[in-house]
Amino acid sequence: MAKLLFLRDLGQTEVGAFGLSAPGDLLLVADVQLVRQRCTPVTVCFDDSSVADFFDSQVDQGRRPEQFARLWIHTHPGHSPQPSATDEATFERCFGSTDWALMFIVACGGQTYARLRFSTGPGGQVELPVEVDFTPRFPACDHAGWTQEYDGHVSVELPQPGQRPIGNLPDFPALGSSDPWFDLHPDPGLLEPYDEQLVKPF
């Protein structure tokens, strides 16, 4: 959580990450990993090739998709952690066909939102409480390393003067599906090879 909050506060935009599940407890986030992304105050767009490289590296380290490709984590620079309509569309499009997935959002004031969706049986979804588990051993804070990770992966797109404002944010361009960075997440087809082809018993 310390790393996620640190990454959240490094800029004025949203930041997205994949959560790495702890062995034996898939809903316990042991780490968050950035991929290359373009970020604005209201969107995050992951770079598809960076996502593919991240997935390859995780498989090479012996992890299964449920340990690295099921926890979608992002920040909101405002005080509301509630998912936007675009968040909901992204969650459905990119994770709707997986056996389970979790969307987690942390806002600038520390407010959180977590929702688990699953396809077992009739399927369903449920909001989950969020807590920080201080009992496992964890490494010390690494602000320098986290800043380097942020600088190497996050490309910030801030509003230009004279562009249309959105809500109480500063002037910002109108968004539409034709914008190349409008979607928050990569093509869901990226997940399929890792779920169906690359996963093997370890």
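For A101, the conditions (1) surrounded by 19 or more Cβ atoms within 10 Å (Cβ to Cβ); (2) in contact with a strand residue (DSSP E or B) (Cβ under 7 Å, 6 or more places away or on another chain); (3) more than 23 Å from V15 (Cα to Cα) are fulfilled apart from (3). Please find, within the range 74-83, the residue that is nearest to P122 (Cα to Cα) out of those that are touching a helix residue (DSSP H, G or I) at 6+ places or on another chain (Cβ under 9 Å) and surrounded by fewer than 21 Cβ atoms within 10 Å (Cβ to Cβ). Here the answer is P83.
T75 meets each of the listed conditions (1) modelled with pLDDT of 95 or more; (2) among the polar types (S, T, N, Q); (3) touching a His at 6+ places or on another chain (Cβ under 9 Å) apart from (3). Assess whether A2 counts as being crowded, with 23+ Cβ neighbours inside 10 Å and within 24 Å of P136 (Cα to Cα). So A2 fails the test. With a requirement of 2 or more residues that are touching a residue at least 60 places away in the same chain (Cβ under 8 Å), the helices (runs of 4 or more DSSP H) lying completely within the range 34-147 that satisfy it span 48-60, 85-95.
The set of residues from the range 16-29 being in contact (Cβ under 8 Å) with a residue 12 or more places away in the chain and either out of contact with any His (no Cβ under 9 Å at 6 or more places or on another chain) or surrounded by fewer than 22 Cβ atoms within 10 Å (Cβ to Cβ) (or both) comprises F18, G19, L20, S21, A22, P23, L26, L27, L28, V29. Put simply, of Q37, Q12 the only residue that is touching an Asp or Glu at 6+ places or on another chain (Cβ under 8 Å) and within 22 Å of G145 (Cα to Cα) is Q37. Based on this model, can you work out whether T40 counts as modelled with pLDDT under 90 and polar (S, T, N, Q)? Criteria not met by T40.
The values are calculated or read from the model by the stated rules, or taken from the named source; none is laboratory data. Values in this document were obtained by computation on a predicted structure and should not be read as measured data. Using ideal geometry, Cβ is built from the backbone for each residue, glycine included, and neighbour counts are taken over all protein chains shown.
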